[in-house]
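The values are calculated or read from the model by the stated rules, or taken from the named source; none is laboratory data. None of the values given here were measured: they were computed from a predicted structure. Glycine gets a Cβ as well: all are built from the backbone with ideal geometry, and neighbour counts include every protein chain shown.
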Amino acid sequence: MRGLHYQLKKPQVKLVRVVAGQVYDVAVDLRRSSPTFGKWHAELLSEENRRMVWIPAGFAHGYLVNCEQAVIQYSCSEIYDPDDQHEIAWNDPDLAIDWAGWEEEALTISSKDRKAGSFAEAEVFP
């Protein structure tokens with residue numbers, strides 16, 4: 001599991017695809033002025049279906065690898081800045097993301113993602 005991550009000062013536009021394996025990819029709209037603010041969208045990306053996801057600036061992004069291992073390729077509009085990294089809890093009840101039936105006990109989750117804050121308290125985009 002890679003939790004919901006985003007950058008505020010240098011928001012990234014991302015084009016994401018899977019070149020090996022399979023992931024359940026999720027994007028959450030964090031643009032307060034958007035009619036879809038707080039809504040999420042998910043896609044199954046795999047080497048077989050060759051789908052790609054375009055994630056606009058102002059969205060948080062996370063994914064669940066649902067096979068033994070996967071290789072994910074990102075094309076990003078901005079350089080990753082670790083000082084500008086923000087996280088929202090992947091299992092935030094206000095977002096109510098359907099992680100395709102996976103339960104927390106079955107997931108490997110980083111300590112950073114386990115400590116991620118709530119959507120209600122997150123810094124978001126105007």
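Taking interchain pairs and intrachain pairs at least six residues apart, which have beta carbon atoms under 6 angstrom, with the first residue in the range 95-110 and over 20 Å from HIS41 (Cα atoms) and the second at pLDDT 85 or above?
LEU107/MET1; ILE109/MET1
Any chance you could count how many residues in the range 78-97 are loosely packed, with under 14 Cβ neighbours inside 10 Å and either in contact with a Pro (Cβ under 8 Å, 6 or more places away or on another chain) or farther than 14 Å from HIS61 by Cα (or both)? Break it down into steps so the answer makes sense when it comes.
Of the range 78-97, the ones loosely packed, with under 14 Cβ neighbours inside 10 Å are 79-83, 85, 93-94, 96.
Those still in the list that are either in contact with a Pro (Cβ under 8 Å, 6 or more places away or on another chain) or farther than 14 Å from HIS61 by Cα (or both) too: 79, 81-83, 93-94, 96.
Residues flagged as loosely packed, with under 14 Cβ neighbours inside 10 Å and either in contact with a Pro (Cβ under 8 Å, 6 or more places away or on another chain) or farther than 14 Å from HIS61 by Cα (or both) within the range 78-97 amount to 7.
Residue by residue through the range 9-57, note down the ones that are aromatic (Phe, Trp, Tyr) and surrounded by fewer than 14 Cβ atoms within 10 Å (Cβ to Cβ). Talk me through it step by step, then tell me what you get.
Here is the first cut: in the range 9-57, the residues aromatic (Phe, Trp, Tyr) are 24, 37, 40, 54.
Across the range 9-57, the qualifying residue is only TRP54.
Could you run through the range 80-123 and say how many residues are part of a loop (DSSP other than H, G, I, E, B), in contact with a His (Cβ under 9 Å, 6 or more places away or on another chain) and not charged (D, E, K, R)? Spell out how you get there, then give the answer.
First pass over the range 80-123, keeping only residues part of a loop (DSSP other than H, G, I, E, B): 80-81, 89-103, 107-110, 115-116, 118-123.
In the following step, the residues that additionally are in contact with a His (Cβ under 9 Å, 6 or more places away or on another chain) were identified as 116, 122-123.
Those left that are additionally not charged (D, E, K, R): 116, 122.
Counting residues in the range 80-123 that are part of a loop (DSSP other than H, G, I, E, B), in contact with a His (Cβ under 9 Å, 6 or more places away or on another chain) and not charged (D, E, K, R) gives 2.
If we scan the range 77-88, do we find a residue that is over 30 Å from PRO126 (Cβ atoms) and touching a residue at least 12 places away in the same chain (Cβ under 8 Å)? Please lay out each step first, then the result.
Initial filter on the range 77-88 (over 30 Å from PRO126 (Cβ atoms)): none.
No: the range 77-88 contains no residue that is over 30 Å from PRO126 (Cβ atoms) and touching a residue at least 12 places away in the same chain (Cβ under 8 Å).
From the list TYR74, TYR6, which one is among the aromatic types (Phe, Trp, Tyr) and either more than 22 Å from GLU121 (Cα to Cα) or surrounded by fewer than 19 Cβ atoms within 10 Å (Cβ to Cβ) (or both)?
Working: TYR6 fails: either more than 22 Å from GLU121 (Cα to Cα) or surrounded by fewer than 19 Cβ atoms within 10 Å (Cβ to Cβ) (or both).
When all the criteria are applied, what remains is TYR74.
Please go through (1) over 26 Å from ARG17 (Cβ atoms); (2) modelled with pLDDT of 95 or more; (3) more than 15 Å from the chain's Cα centre (by Cα); (4) not β-branched (Val, Ile, Thr) for SER77 and return the number of the only condition it doesn't satisfy.
Condition not satisfied by SER77: (1).
Within the range 45-61, which residues are in contact with a Phe, Trp or Tyr (Cβ under 6 Å, 6 or more places away or on another chain) and either part of a loop (DSSP other than H, G, I, E, B) or over 19 Å from LYS9 (Cα atoms) (or both)? Outline the logic, then answer.
So the first thing to find is which residues in the range 45-61 are in contact with a Phe, Trp or Tyr (Cβ under 6 Å, 6 or more places away or on another chain), and the list is 58, 60.
Selection gives GLY58 alone.
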